[in-house]
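Structure record follows, encoded as structure tokens.
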Amino acid sequence: MDRASSYAATHRRSLVDPDAFWRKRAALIDWQTPFSQVLDYSNPPFARWFVGGRTNLCHNAIDRHLSTRESQAALVFVSTETNVRKTYTYGELHAEVNTFAAILKAQGVGKGDRVLIYMPMIPEAVFAMLATVRIGAIHSVVFGGFAASSLATRIDDAKPKVMITADAGMRGGNSDSRQARIATRYLVRHRGGEFGPVPVAGRQGAADQPGRAGRVT
């Protein structure tokens, strides 16, 4: 069966018996609390999926693979700016994410809190996203190239308990500390400097940037 035919057959099964189809798919991940109902559509157009179930997407992305794939590559970072390539195994990614989760919890971040991530495309951004999911927080990722006004809009909308940024990134072969400057400008001008902790991913020795309340390496 070719790919197109296989897709069509799978799609057809999902329409003919959606309950059985999604129950089978749901069995592919771990559940801390099993769901009692696949779909509750008693109040259309609102749908409640996997009613009563409880799972953690970070656990399913990392932890459930550790017993059989701990040494297998889970994340491959390739930077064309710095010519750096680094591979993280599931075991290493698990350790990094747990460390970042502990940092967030030490800053008072818990279930339901918002965390804003304003970073370049570096592994720490992935660690931060997975760490927030691990502890039940909600992350809002802001594109690292946005200016202060765009960042301000997103901060005011999300009202995060913590913002995670970087002291510098690489752009066009040069160190770019714009993110730290923009973040600091927002904190000073829009909030009078009163804001929650700002963990900072320190790279390339840019240790003299203002506005950092912590460092993640």
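Any read-out appearing in this document is the output of simple, stated calculations on the displayed coordinates, not a laboratory observation. Remember, predicted model here, so these are calculated numbers, not experimental data. As a convention, Cβ positions derive from the backbone with ideal geometry for all residues, glycine included, and neighbour counts pool all protein chains shown.
Here each label is just a point 7 Å from Cα along the line to Cβ, and for Val16 and Lys159 those points are 5.0 nm apart.
DSSP assigns beta bridges within the range 63-173; of those with both partners inside it, close to 45 percent run antiparallel.
Karplus-based coupling profile of the range 12-26, in residue order and whole Hz: 5, 4, 5, 8, 5, 9, x, 4, 5, 4, 6, 5, 5, 5, 5, with θ = phi - 60° in 6.51 cos²θ - 1.76 cosθ + 1.60 and x standing for Gly or Pro.
Counting neighbouring Cβ atoms within 10 Å and putting the fewest first, the residues Lys161, Lys111, Lys105 line up as Lys111, Lys105, Lys161.
Neighbour counts of C-beta atoms inside 10 Å place Met119, Met163 in the sequence Met119, Met163, starting with the fewest. Listed from fewest to most Cβ neighbours within 10 Å, the set Val126, Val109 follows the order Val126, Val109.
Taking all Cα pairs closer than 8 Å and separated by 6 or more residues, the relative contact order of the range 3-51 comes to 24 percent. Each residue, Phe46 and Ala106, gets one label point 7 Å from its Cα in the Cβ direction; the gap between the two is 4.1 nm. A crude spin-label estimate for the pair Thr99 and Ser5, with each label 7 Å from Cα along the Cβ direction, gives 5.1 nm.
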